[in-house]
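K.L.:
One structure is given below, represented as structure tokens, and several questions about it will come after.
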Amino acid sequence: MPEDQDNLPQSQIQGFVRHENFESWYANNTQFHPSEYDLKLIFGEIDWPPNGIPVVQQHTAISMSWVQAKLTLYYLAVQVRVYEILHGTIKVPSNVMPSETEPPTDDNPLAKQAYEFIKQKREELMK
């Protein structure tokens with residue numbers, strides 16, 4: 001595999017072929033595990049076992065480079081916005097809304113910048 005695979009122009013991709021182990025799953029729960037090198041997304045589905053206490057059955061983990069994560073963010077935002085243009089605003093139920101992030105307790109400017117960004121994104125989601 002070429003070392004510079006993240007910089008391959010889209011125009012050079014000749015098509016899509018599904019791996020022999022390709023599977024299609026449904027997910028209504030996603031966890032994010034960032035590292036300095038990549039981002040791992042773990043997908044799962046909320047399950048209600050007989051005891052009535054919900055659990056998340058995790059079924060798939062995908063790791064991607066930060067370049068791919070940023071491109072995925074762009075394409076996902078486009079898909080959601082176009083869907084909302086065609087069908088109306090997607091209402092996020094209050095019981096699954098992300099909780100507010102606590103402001104940083106130190107004077108670290110990067111922590112403050114991250115906090116303000118997270119706060120802004122949550123406010124946008126709540127609209």
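The values are calculated or read from the model by the stated rules, or taken from the named source; none is laboratory data. These numbers were taken from a predicted model, which means no experiment stands behind them. Virtual Cβ from ideal backbone geometry, glycine too; neighbours counted across all protein chains shown.
K.L.:
Looking only at segment 96-115, count how many residues are among the charged types (D, E, K, R) and farther than 27 Å from Asn29 by Cβ.
P.N.:
3
K.L.:
Tell me yes or no: at least one residue of segment 104-112 is outside the structural domain of Gln31 (by TED's automatic domain parsing), under 21 Å from the mean Cα position of the chain (by Cα), surrounded by 10 or more Cβ atoms within 10 Å (Cβ to Cβ) and of a type in the set (D, E, K, R).
P.N.:
Looking for residues that are outside the structural domain of Gln31 (by TED's automatic domain parsing), under 21 Å from the mean Cα position of the chain (by Cα), surrounded by 10 or more Cβ atoms within 10 Å (Cβ to Cβ) and of a type in the set (D, E, K, R), one finds none in segment 104-112, hence no.
K.L.:
Being over 14 Å from the mean Cα position of the chain (by Cα) and under 21 Å from Val96 (Cβ atoms) is the filter; apply it to segment 27-48 and report the residue that is modelled with the lowest pLDDT.
P.N.:
Taking the candidates together, the pick is Trp48.
K.L.:
Can you tell me which of Glu84, Glu45 is of a type outside the set (A, V, I, L, M, F, W, C) and within 14 Å of Tyr26 (Cα to Cα)?
P.N.:
From the options Glu84, Glu45, the qualifying one is Glu45.
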